[in-house]
Amino acid sequence: VARAFSGSKSLKLGGGDAVDKLVYVAPAPAQFFEAELYLQDWATTTSRLKLEPGISELVFSAQKISAVHGDGAGGTAVTVLPGTYSPTQWHKIGIAMDYAARRWSVVVDGGALGRLQDLRFKNDATDNLLGIRFEGDQYADDVKTSSPPSMVKDWTRY
């Protein structure tokens with residue numbers, strides 16, 4: 001049985017696997033960037049989605065999703081998103097980043113379950129997104145990235 005949110009295939013990660021989706025966005029003032037994807041079947045052990053370099057990461061474990069964010073100088077804090085998440089269902093993860101403000105937001109399933117806004121980057125020197133890294137057991141599908149002017153939808157929805 002193929003597991004896919006749409007189409008017939010998805011990316012399956014297991015054990016110590018890691019996959020990078022390389023993205024390069026040239027620095028620009030007041031730049032926004034979005035990533036959108038669907039995740040399912042993450043393990044009870046930790047799976048991660050990292051925004052590199054030095055922006056942040058999401059951690060998936062049991063029935064919770066946590067955001068690892070920072071203080072701008074390399075320090076980190078962890079905030080658990082409100083809600084309970086079934087690892088066996090597909091969840092839409094939306095991430096928006098504002099490089100001018102050095103802030104990012106995450107919304108799960110359109111905000112119906114969880115949303116965190118105005119989180120600080122781990123490193124304020126970060127001025128672009130170089131990649132998205134998936135680590136650990138999980139399925140990923142329909143991974144999309146976009147940046148302005150034409151592709152970013154509405155920043156306020158995050």
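Descriptive notes on the structure:
- Largest-first ellipsoid semi-axes for segment 34-109, taking √(5λ) over the Cα gyration tensor eigenvalues, angstrom: 22, 14, 10
- Taking amide H positions as modeled 1.01 Å from N, with prolines and chain starts lacking one, no residue 5 or more places away or on another chain lies under 5 Å from Arg102.
- Ratio of Rg to Rh over segment 103-147 (Cα coordinates, Kirkwood Rh, two decimals): 0.98
- Largest-first ordering by accessible area, 1.4 Å probe, given options Lys92, Lys122: Lys92, Lys122
- Solvent exposure, largest accessible area first (probe 1.4 Å, DNA, RNA and ligands not counted), of Val143, Val107: Val143, Val107
The values are calculated or read from the model by the stated rules, or taken from the named source; none is laboratory data. Predicted model, so just to flag it, every value in this text is computed and none were measured. Surface accessibility is based on the protein's heavy atoms, side chains included, excluding ligands, DNA and RNA. Shrake-Rupley method; radii C 1.70, N 1.55, O 1.52, S 1.80 Å.
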